[in-house]
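Below is one structure; the comments refer to it alone.
The values are calculated or read from the model by the stated rules, or taken from the named source; none is laboratory data. Because the structure is predicted, anything quoted here is derived from the model rather than measured. With ideal geometry, Cβ positions are generated from the backbone for all residues, glycine too; neighbour counts draw on all protein chains shown.
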Amino acid sequence: MSYASGKIVRAAGILLAMNLLSRILGYVRDAVIAGHFGTSGATDAYMVAYTIPYFLQSIVGMAFVMIIVPILTDYGVKGQKEEMWKAASVIFNWTALLLTAAALIGIAGSEVLVKLMAPGFTGDTAVLAQELTRIIMPSIIFMGLGMLITGILNAQHVFGVPAFAPAAENIIVILSVIFLSSSLGIHGLALGTLIGFMFFLFVQIPSLKKLNFKYFLNFDIHHPALLKAASGLIPIIFGVGVNQIYLALNRAFASFVAEGSISAIDFAYRLINLPLGIFAATISTVVFPTMSEHAASGNKWEFAKTLIRGLNLVSFIIIPSAVGLLVLSSPVVAMLFQRGAFDHRATVMTAAALAYFTLGMYGWGANMVITRAYYALNDIKTPVTAGIISVIVNVILSYLLLPFLGHGALPLANSISVSVQTALLMIFITKHLPYIEFTSLGKAFAKVLAASLIMGFAVYFISRELDFSVYLETAVCVGLGVVLYIFAAYIFRIEEISFIGELVARKLKGVC
């Protein structure tokens, strides 16, 4: 394995462990929230109030990472260390100033925001959503600065601590539900969310010191790094934020159907984000700085190889995960959430949404990698174009399917739309990388899909014959599915099985 591949393997191992911890804690957080509040009107109000910071974390925050990694990498490749820190400081200072202003505006305009995000809310539910929005809104300051520091650290190939930061946030939210919900109710959860975002920022600061980060109190509005970041921010926000636009549209459409629909869709989306957040996010995060370095040095051949490697790894892990979640949607939801206020009706609604979401999981996973390829190449227009098309498709499909499929129409529309977006991005990337080997990508995809379908059919028929508790049935089916998929991967000689095996072997060797 080459030195560059070795760097990716080592970084992926660290990031994978931290993402796994974060996602497990994320599940615990969702399970605790579901157990205490169920799919009630209060939960819907919290989900709407949480939309703004979550929307900004996933869009603006990720846009900060997308912007700053190529900018700082360019300075680093040229050996301009002090200029790199000065650029980071200028961007950090203006980000803090603007996010503080945005938080104040959001607090003052909470009533308008709730009406825009959930036009179907009336009475006490609307008032509660406004109260929770005012509590949570200041978190966007800590979220934005935390994501900016994540980008700075990633540009220096530091991945572990930034990946742990969301875990720290989840721990605080879990504790807030346990210790504050009895006295403050859903307001305690909102307060815990704010404190959690504060921890998200603070846990990353010591890593900056280890890099000998030099801070400059500089607000130079004409700094080239700031101008480049500012000119690209809006297009990148839209390009990386299409998924969150889907979720916002889901909440708007779902506010007109059965109560609990918003929560059911949110819980289902978080379930598909377990494999996406652990594996696809790990792969895309690790390859992004490497692609940026290849782009800065003009090495498009290595750039294309890194991109294909990332996409192949995504398909190898995400496709079988999607098939498994589709086949086991009901028992998985029941095992993870059905307790307390989360009853059988909530399980049925969430499982239906989950099944439709799984159809777009590869699209979401591949999108994480290929979108970063465009930003590494400083092409911000193409992702915007593809994003606009996908949002239009999503709105049309949501409107047409909602009367027939209820809340299930919304995740189905999301899945189709993101698949369209990803397909367009793959087609358009050839203008930058004319020699990219899509043939090898297609062969790998076909092998992975075949192995996954074999596993899926086997697990489906096995699950029909089992008469165990939901916990044991799910555990047995998941275990058998993993074994069957690995066996099928070896039979089909899927290259990524060797790559994953080498990664695990290296990590185990390091532990021993």
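Details
- Residue count for region 74-100 under the criterion of being under 14 Å from LEU233 (Cβ atoms) and not in a helix (DSSP H, G or I): the result is 0.
- One residue alone among PHE179, PHE197, PHE219 is surrounded by fewer than 19 Cβ atoms within 10 Å (Cβ to Cβ) and touching a residue at least 40 places away in the same chain (Cβ under 8 Å), and that residue is PHE219.
- Residue in region 182-193 that is within 20 Å of the chain's Cα centre (by Cα) and either surrounded by 20 or more Cβ atoms within 10 Å (Cβ to Cβ) or within 20 Å of VAL60 (Cα to Cα) (or both) present: yes
- Only one of the listed residues (GLU82, GLU111) is acidic (Asp, Glu), touching a residue at least 60 places away in the same chain (Cβ under 8 Å) and farther than 20 Å from PHE197 by Cβ. That residue is GLU82.
- Of the residues making up region 459-485, those that are in contact with a helix residue (DSSP H, G or I) (Cβ under 7 Å, 6 or more places away or on another chain) and over 17 Å from VAL333 (Cα atoms) are ILE462, LEU466, LEU480, GLY481, LEU484, TYR485.
- Test: PHE457 is surrounded by fewer than 18 Cβ atoms within 10 Å (Cβ to Cβ) and part of a loop (DSSP other than H, G, I, E, B): no
- Region 463-487 residues that are of a type in the set (D, E, K, R), paired with ones that are surrounded by fewer than 15 Cβ atoms within 10 Å (Cβ to Cβ) (beta carbon under 7 Å, 6 or more apart): GLU473/LEU466
- Filtered residue count, region 154-167, keeping only those that are in contact with a Gly (Cβ under 9 Å, 6 or more places away or on another chain) and crowded, with 23+ Cβ neighbours inside 10 Å: 4
- Counting only helices (runs of 4 or more DSSP H) wholly contained in region 158-277, the ones carrying 2 or more residues that are modelled with pLDDT of 90 or more, in contact with a Ser or Thr (Cβ under 8 Å, 6 or more places away or on another chain) and closer than 27 Å to ASP30 by Cα occupy 160-184, 186-202, 261-275.
- The requirement of being in a helix (DSSP H, G or I) and over 26 Å from the mean Cα position of the chain (by Cα) is fulfilled nowhere in region 59-73; no residue meets it.
- Considering each residue of region 39-46 in turn, none proves to be in contact with a Pro (Cβ under 9 Å, 6 or more places away or on another chain) and either at pLDDT 85 or above or surrounded by fewer than 24 Cβ atoms within 10 Å (Cβ to Cβ) (or both).
- Test for MET368: is it of a type outside the set (Val, Ile, Thr), closer than 18 Å to LEU247 by Cβ, modelled with pLDDT under 95 and under 19 Å from the mean Cα position of the chain (by Cα): yes
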